[in-house]
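K.L.:
Can you read through this structure? Questions will come right after.
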Amino acid sequence: MNGRGDVVRAEIVRNALTAAAVEMSKTLVRTAHNPLLYDVQDFGLGIVSAEGLLWAEAPGITTFLGSLPDTIKGGLAIHGEEGFSDGDVVIVNDPYLTGTHISDVCVYMPVFHGDELVAFAAACAHWADVGGKTPGGFAPDSTDVFQEGLRLGHQKLIHAGRPNRELWEVIEANVRFPSLVIGDLEAQIAACRQGVERVRALCRKYGVAAVREAMDLTVRRTEEAIRRQIAGIPDGTYRARAQLDPDPLSGERPTIALTFEVLGDRIRVSFEGTSPAVRSPINEPAIGARADLRAALKGLLMPTDPSNEGHFLPFEFDLPPGLIVSPEPPAPCDSYGYVGVALMDLTFAALAPAMPDRCPAGGYQLFAIYLYRVDPGLGRPFVFIEPIDGGDGARPFADGPTLVFLGDGDVRCTPVEVLEARYPLRCLRYEFLPGVAGPGRFRGGLGVRRDFEVLEEGTYLQVVIDSTDEPLARGLAGGGDGRPSAVVVRPGTAGEQVLRRRVSGFGPLGPGDVVSVRSGGGGGWGPASARDPELVAQDVRDGFLTAEEARSIYRVAVVRSDGSWDVDRGATDRLRSADG
C-alpha cells in the first residue's frame, strides 16, 4: 500500500472495525440476562489481530479493554495459531491470564477467512457468580486465588462448532445462579459471533492482505501521532504515591508508588517504593496494572482517538514480580480494582506538573455494594451487584464530572425500575450528594446517595470500598480534597451503623432495613476563592451549596431575589478583599 488511497482505505477499515466492536457491544446489551451487563454495562469488547494486537474496541471498562491483547496472546501461547479452528469459542477467567479478577470472564472466537486466521473477536464481562467463597465475587477476605471461584484457562467451550458439553456442565454446577450465568455466557458468544461476521465481511470486500495492511498502517500512524504528543512533554522524572486503607489481615497500609520518565518520544514507568503483594485480595495482576496505566496515559495524550495498539507502543514498564501490582500465584486478586483506580489517579497526579492544562484533580475510589440471598429456604436466591457512581476530579478548565465510575465513566447505576422489578428491594432515594465534592476554582464532581429498603428476610450486604483514610480525591493547584464514600445501615435509627471498610456477609437484613449508599466526590482544582461568583450562585440555586457555605468556602455573598439567588457583588468584593 502506498499513497493517499491507502490512507483512505486504512481509515475505512479502521472505522469499520470500530463499528464492528460497537455492534458487538449492542448485541451483548440486547441479549444479556443480568442488569449488570444490559444496564450497568460492566464489560469490554474488542477486535484483536491474529498476533494479539488491539485493532478496535467498543466503549467499556478500560481495564478489560486494555487487557484483551495480552489475554489473546496467552491463548496463542497455549494453542498456537494452528490450534484454532473455525467455530471455536474459548473461555478464560484466571486472573493471572486476564489481568483482573475471577468474575471477569473473557470469551473469544477466532476469525477465519477461508483457511487463514485473521483476527479474534473478544468479549469480557462480569458474571453474576463464579462460585468461590463470596456470592457474586469481589471477595474482601480471600487469602489465595483458589478461594475465589472456578478458574478457567483458555479451554474451548465450543470446538469447530461442536459444544464441549462437559465443560458447560462444570460451569453450571459451580455457580450459584446458573441460569443467569449461562444466559450471559451465551450473550457473550452472540456478541463475538457478531464481531466475527463483520470482520469476515471486510475480508470479503477488500481481501485479507488489504485489511492487514490497512491496520498495520493505522497502528504505525497512530504510534507516530502519540509519540509527537509525548515529545511535547518536558523531559524529566515525575512521581506520585498513595497509601490504601489498612490490609485487614496484616494491619499494614499498602503503598503504590509510580515514577514516570519522559524520554523524548517515549515514557518509562517504574514502581520503586510500591508494596509487595499482600495477603488480602487487593492485588492486581501485572496484565491489568499495565492496562490501567496505558489507558490513563492514552487518555491524557489522545483522549478522543479510537484505541488501537499504536497508542501503547511508546510506553515501557519496569515491573518486577511480587508487588501489589504484579502478584504471583496463588496470591488473591478478587478485589483488584482499588489498585487499578489508584494507578490511574496517580498517573494524573504525577504528570500534572508536566501537563498542567490536561491533568484533572483526583477522583473518588472504586465503590459498590452487593445485596444477596443464597438460602432458598428464605426465598428466591438473588444477587444485586451495584457499582455506585461518584464524583471525578475537577479539570483545569471545568468542574469535575458526576456519575462516573472507573477512568472517567465506564458503568452506570441500575435503573430504579429495573432493580425494583427484579429484586426484593425498593429504592427510597436517588440523589446527588454535594457535600463530598472538593471545593476549588473548579469544584470536584458530586457524590451520589442511593437508599435501598430490604423487603424480604435473609438478605446480606457486601461493601466494596477503600481509600477512606487517605482519599484519592486530592485537590490540585490549590483545590480542596473530596471526601470518601460510606455505607450507612439503618440510617437515623438507634441501630445505625456506618461502614467505611470492606465487609462481606453483613446481616442478615430483613424487611424495613435500609442501606444508604453514599459515594465520594472529586477533588477541586485551583483555590476556592478564585471561583466565578456566578458559578457559586448557580450551585446555591441547584441546592449543591447553602448560602452560608458559599460565603465561608468560596467567599461569595448571595442574596435571595425574586425567588432565586443572586450574587451580592459589593459584599463578595469585600469578603475576597479581606482575604487578601
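The values are calculated or read from the model by the stated rules, or taken from the named source; none is laboratory data. Quick caveat, the model's predicted, so the values are computed rather than measured. No Cβ is skipped: glycine too gets one built from the backbone with ideal geometry, and neighbour counts run over all protein chains shown. In case anyone asks, the SASA skips ligands and DNA or RNA and just uses the protein heavy atoms, side chains included. Shrake-Rupley method; radii C 1.70, N 1.55, O 1.52, S 1.80 Å.
K.L.:
Please go through the range 568-580 and pick out each residue that is surrounded by 14 or more Cβ atoms within 10 Å (Cβ to Cβ) and among the aliphatic types (A, V, I, L, M).
P.N.:
As a first pass, look at the range 568-580 and keep what is surrounded by 14 or more Cβ atoms within 10 Å (Cβ to Cβ): 568, 571-572, 575-576.
Once the filter is applied, which keeps residues that are surrounded by 14 or more Cβ atoms within 10 Å (Cβ to Cβ) and among the aliphatic types (A, V, I, L, M), the range 568-580 yields Ala571, Leu575.
K.L.:
Have a look at Arg227, Arg239, Arg279, Arg221 and point out the one that is assigned to a strand (DSSP E or B) and surrounded by fewer than 21 Cβ atoms within 10 Å (Cβ to Cβ). Show your work before the answer.
P.N.:
Values: Arg227 fails: assigned to a strand (DSSP E or B); Arg279 fails: assigned to a strand (DSSP E or B); Arg221 fails: assigned to a strand (DSSP E or B).
Matching residue, one of Arg227, Arg239, Arg279, Arg221: Arg239.
K.L.:
For the subset of the range 445-481 comprising residues that are aliphatic (A, V, I, L, M), outside any strand (DSSP E or B) and touching a Leu at 6+ places or on another chain (Cβ under 9 Å), which member is farthest from Val416 (Cα to Cα)?
P.N.:
Residues of the range 445-481 that are aliphatic (A, V, I, L, M), as a first pass: 446, 448, 454-455, 461, 463-465, 472-473, 476-477.
With the extra rule that they be outside any strand (DSSP E or B), the set shrinks to 446, 455, 465, 472-473, 477.
With the extra rule that they be touching a Leu at 6+ places or on another chain (Cβ under 9 Å), the set shrinks to 446, 455, 465, 472.
Working: Leu446: 20, Leu455: 15, Ile465: 22, Leu472: 29 Å.
Selected residue: Leu472.
K.L.:
Can Ala128 be described as within 17 Å of Cys192 (Cα to Cα) and either touching a residue at least 24 places away in the same chain (Cβ under 8 Å) or more than 24 Å from the chain's Cα centre (by Cα) (or both)? Working first, answer last.
P.N.:
Working: within 17 Å of Cys192 (Cα to Cα): no; either touching a residue at least 24 places away in the same chain (Cβ under 8 Å) or more than 24 Å from the chain's Cα centre (by Cα) (or both): yes.
No; evaluated as a whole, the condition is false for this residue.
K.L.:
Applying the selection to the range 366-383, what residues are in a loop (DSSP other than H, G, I, E, B), over 30 Å from Phe405 (Cα atoms) and either of a type in the set (A, V, I, L, M, F, W, C) or open to solvent by less than 50 Å² (accessible area, probe 1.4 Å) (or both)?
P.N.:
Residue satisfying the conditions is Gly379 alone.
K.L.:
While we're on this one: Any chance you could count how many residues in the range 95-122 are under 16 Å from Gly83 (Cβ atoms) and polar (S, T, N, Q)?
P.N.:
Going through the range 95-122 one residue at a time, the tally reaches 0.
K.L.:
Oh, and also: Assess whether Ala139 counts as being small (Gly, Ala, Ser), crowded, with 24+ Cβ neighbours inside 10 Å and farther than 30 Å from Arg501 by Cα. I'd like the intermediate steps shown before the answer.
P.N.:
On the way: small (Gly, Ala, Ser): yes; crowded, with 24+ Cβ neighbours inside 10 Å: yes; farther than 30 Å from Arg501 by Cα: no.
Spelling it out, it is not the case that Ala139 is small (Gly, Ala, Ser), crowded, with 24+ Cβ neighbours inside 10 Å and farther than 30 Å from Arg501 by Cα.
K.L.:
Under 7 Å by Cβ, and 6 or more places apart or on different chains, what pairs join a residue from the range 481-501 that is closer than 30 Å to Phe442 by Cα with one that is loosely packed, with under 14 Cβ neighbours inside 10 Å?
P.N.:
Close Cβ pairs satisfying both conditions: Ala486/Val498; Val488/Glu496; Val488/Val498.
K.L.:
Still on this structure, I have one more. Counting only residues that are crowded, with 23+ Cβ neighbours inside 10 Å and not small (Gly, Ala, Ser), how many does the range 58-77 have?
P.N.:
Residues in the range 58-77 being crowded, with 23+ Cβ neighbours inside 10 Å and not small (Gly, Ala, Ser): 9 in total.
K.L.:
Of (1) in contact (Cβ under 8 Å) with a residue 12 or more places away in the chain; (2) within 26 Å of Asp39 (Cβ to Cβ), Pro178 satisfies all except one. Which?
P.N.:
Status for Pro178: all satisfied but (1).
K.L.:
Then there's this: Is it true that some residue in the range 78-87 is touching a Gly at 6+ places or on another chain (Cβ under 8 Å), outside any loop (DSSP other than H, G, I, E, B) and surrounded by fewer than 21 Cβ atoms within 10 Å (Cβ to Cβ)?
P.N.:
Yes, because at least one residue in the range 78-87 is touching a Gly at 6+ places or on another chain (Cβ under 8 Å), outside any loop (DSSP other than H, G, I, E, B) and surrounded by fewer than 21 Cβ atoms within 10 Å (Cβ to Cβ).
K.L.:
Sticking with this one: So, in the range 384-406, how many residues would count as being in contact (Cβ under 8 Å) with a residue 60 or more places away in the chain, open to solvent by 10 Å² or more (accessible area, probe 1.4 Å) and more than 13 Å from Gly522 (Cβ to Cβ)?
P.N.:
Number of matching residues: 3.
K.L.:
Among the strands (runs of 3 or more DSSP E) confined wholly to the range 509-567, which include 3 or more residues that are open to solvent by less than 10 Å² (accessible area, probe 1.4 Å) and within 25 Å of Thr468 (Cα to Cα)?
P.N.:
Working: elements: 514-518, 558-561, 564-567.
It comes to 514-518.
K.L.:
Mind checking which residues of the range 2-39 are outside any helix (DSSP H, G or I) and either buried (at least 23 other Cβ atoms within 10 Å of the Cβ) or touching a Leu at 6+ places or on another chain (Cβ under 6 Å) (or both)? First the steps, then the outcome.
P.N.:
Of the range 2-39, the ones outside any helix (DSSP H, G or I) are 2-3, 32-34, 39.
Those that are outside any helix (DSSP H, G or I) and either buried (at least 23 other Cβ atoms within 10 Å of the Cβ) or touching a Leu at 6+ places or on another chain (Cβ under 6 Å) (or both): Ala32, His33, Asn34.
K.L.:
I would also like to ask the following. How many residues does the range 171-212 contain that are assigned to a helix (DSSP H, G or I) and either hydroxyl-bearing (Ser, Thr, Tyr) or at positive phi (or both)?
P.N.:
Filtering the range 171-212 down to residues assigned to a helix (DSSP H, G or I) leaves 171-173, 178-206, 208-212.
Then drop every residue that is not either hydroxyl-bearing (Ser, Thr, Tyr) or at positive phi (or both), which leaves 179, 206.
Counting residues in the range 171-212 that are assigned to a helix (DSSP H, G or I) and either hydroxyl-bearing (Ser, Thr, Tyr) or at positive phi (or both) gives 2.
K.L.:
Would you mind finding the one in Val211, Val175, Val170 that is aliphatic (A, V, I, L, M) and exposed (fewer than 15 other Cβ atoms within 10 Å of the Cβ)? Quick ask: steps written out before the conclusion?
P.N.:
Working: Val211 fails: exposed (fewer than 15 other Cβ atoms within 10 Å of the Cβ); Val175 fails: exposed (fewer than 15 other Cβ atoms within 10 Å of the Cβ).
After ruling out the rest, the residue left standing is Val170.
K.L.:
Still on this structure, please answer the following. Going by the structure shown, is Phe382 more than 23 Å from Leu293 (Cα to Cα) and touching a helix residue (DSSP H, G or I) at 6+ places or on another chain (Cβ under 8 Å)?
P.N.:
Working: more than 23 Å from Leu293 (Cα to Cα): yes; touching a helix residue (DSSP H, G or I) at 6+ places or on another chain (Cβ under 8 Å): yes.
Yes: the conditions hold for Phe382.
K.L.:
Please determine whether any residue of the range 407-416 is modelled with pLDDT of 95 or more, over 29 Å from Gly505 (Cα atoms) and not in a strand (DSSP E or B).
P.N.:
So far as the range 407-416 goes, no, none of its residues is modelled with pLDDT of 95 or more, over 29 Å from Gly505 (Cα atoms) and not in a strand (DSSP E or B).
K.L.:
Still on this model: Filter the range 540-558 down to residues that are among the acidic types (Asp, Glu) and closer than 13 Å to Arg443 by Cβ, then give me how many there are.
P.N.:
To start, the set of residues in the range 540-558 that are among the acidic types (Asp, Glu) comprises 542, 548-549.
Still in the running and closer than 13 Å to Arg443 by Cβ: 542, 549.
So the answer is 2.
K.L.:
For the range 304-327, indicate whether the set of residues that are open to solvent by 20 Å² or more (accessible area, probe 1.4 Å), closer than 30 Å to Ala437 by Cα and either under 20 Å from the mean Cα position of the chain (by Cα) or of a type outside the set (A, V, I, L, M) (or both) is non-empty.
P.N.:
The answer is yes; a qualifying residue exists.
K.L.:
Sticking with this one: In the set His113, His126, His101, which member is of a type outside the set (Gly, Ala, Ser) and surrounded by fewer than 24 Cβ atoms within 10 Å (Cβ to Cβ)? Steps first, answer last, please.
P.N.:
Values: His126 fails: surrounded by fewer than 24 Cβ atoms within 10 Å (Cβ to Cβ); His101 fails: surrounded by fewer than 24 Cβ atoms within 10 Å (Cβ to Cβ).
Just one listed residue meets the conditions, His113.
K.L.:
Now a separate question. Quick check: is even one residue across the range 150-157 among the hydrophobic types (A, V, I, L, M, F, W, C), under 20 Å from Tyr336 (Cβ atoms) and over 21 Å from the mean Cα position of the chain (by Cα)? Give the derivation first.
P.N.:
Residues of the range 150-157 among the hydrophobic types (A, V, I, L, M, F, W, C): 150, 152, 157.
Those still in the list that are under 20 Å from Tyr336 (Cβ atoms) too: 150, 152.
Those still in the list that are over 21 Å from the mean Cα position of the chain (by Cα) too: 150, 152.
Looking through the range 150-157, at least one residue is among the hydrophobic types (A, V, I, L, M, F, W, C), under 20 Å from Tyr336 (Cβ atoms) and over 21 Å from the mean Cα position of the chain (by Cα).
K.L.:
Has the range 133-150 got any residue that is in a strand (DSSP E or B), within 20 Å of His33 (Cα to Cα) and not hydroxyl-bearing (Ser, Thr, Tyr)?
P.N.:
So the first thing to find is which residues in the range 133-150 are in a strand (DSSP E or B), and the list is none.
Checked the range 133-150: no residue is in a strand (DSSP E or B), within 20 Å of His33 (Cα to Cα) and not hydroxyl-bearing (Ser, Thr, Tyr).
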